[in-house]
Amino acid sequence: MRTWLRTIATALAWMAGIMFGLWAGVGIVRADDARLLASMRSGGNIVLIRHAATEPGIGDPADFRVDDCSTQRNLSEAGREDARRMGEALRAAGVPIAAVRSSRWCRCLETAALAFGAWHEVEAWPVLDSLFGRAGEREARRTRMLDAAAGVPADGNWVWVTHQANITALTGEFTAMGEALVVRPDAGGGLHVQGRWRAR
């Protein structure tokens, strides 16, 4: 009987530990969101946003043209809703946006326009154009992004809407569609990753 009771007690303790860990994990995520939003409210960051969710596919069709959205892989309806929610969340949180730049790809321009276009001009910047399949341009583009990053204002944030390949080239991090990586220039000419954020 004692062995049976001891087994039950051990199992209950194990389950309690799991539940506490899950609860603590949720708390950590929320605290991290609060910390990132506080950092963004203070300014001096670049908010690197991978375009919102698209229709299924990888890269772009063979007949891709940068000036013709019908030849590209574009946002899904769910992605459009995510983009709107992202902009609304940052605006409601009081995050000061000094400038919004985007890849010329339609999925990025639409993400930027839906999120920020109602209250901020969106500038198309070819440096943020997709690096997918363009490995030979990686270092030159990375250098241009790092050089530009040094000029972010201390009292505002820049938003760069781009592609996963570009974010990885710049930071070494992989982001999901609709996810933001918040980075801050450091004294050595690089970037410090503050954390990840997405609208909830």
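The values are calculated or read from the model by the stated rules, or taken from the named source; none is laboratory data. Computed from a predicted structure; not experimentally measured. Cβ placement follows ideal geometry from the backbone for every residue including glycine, while neighbour counts extend to all protein chains displayed. The protein model used for the area step is the full one, side chains on, heavy atoms only, and it has no ligands, DNA or RNA in it. Shrake-Rupley method; radii C 1.70, N 1.55, O 1.52, S 1.80 Å.
Miscellaneous remarks
- Translational diffusion coefficient of the range 29-97 (Stokes-Einstein, Kirkwood radius from Cα pairs, 25 °C, 0.890 mPa s): 171 µm²/s.
- Shape of the range 108-189, Cα gyration tensor, a/c cut at 1.5: oblate
- Each principal axis of the Cα cloud of the range 66-130 was evaluated for its coordinate range; sorted largest first, these ranges are 36, 26, 17 Å.
- Burial order of peptide ranges 124-131, 69-76 (average beta-carbon count within 10 Å, highest first): 124-131, 69-76
- Label point at Arg91 placed 7 Å out along Cα→Cβ; residues across the range 107-131 whose backbone nitrogen lies under 15 Å: 111-122
- Averaging Cα coordinates gives a centre for the range 140-169 and one for the range 67-111; these two points are 16 Å apart.
- In this rough spin-label picture, where each label sits 7 Å from Cα along the Cβ direction, the Thr143-Ala98 distance is 2.4 nm.
- Apportionment of accessible area to carbon and sulfur, the range 56-125, percent (1.4 Å): 51
- A 1.4 Å probe run over the protein chains yields, for the range 45-200, 46 Å² of accessible area per residue, whole-number rounding.
- Under 5 Å, built H, 5+ apart or other chain: amide partners of Val161: Ile49, Arg101, Ser102, Ser103
- Peptide packing for 154-163, 91-100 was compared via the average number of neighbouring C-beta atoms within 10 Å per residue; ordered from the highest value, the list is 154-163, 91-100.
- Cα gyration tensor shape of the range 64-200, rounded if a/c is under 1.5, else prolate or oblate by comparing a/b with b/c: oblate
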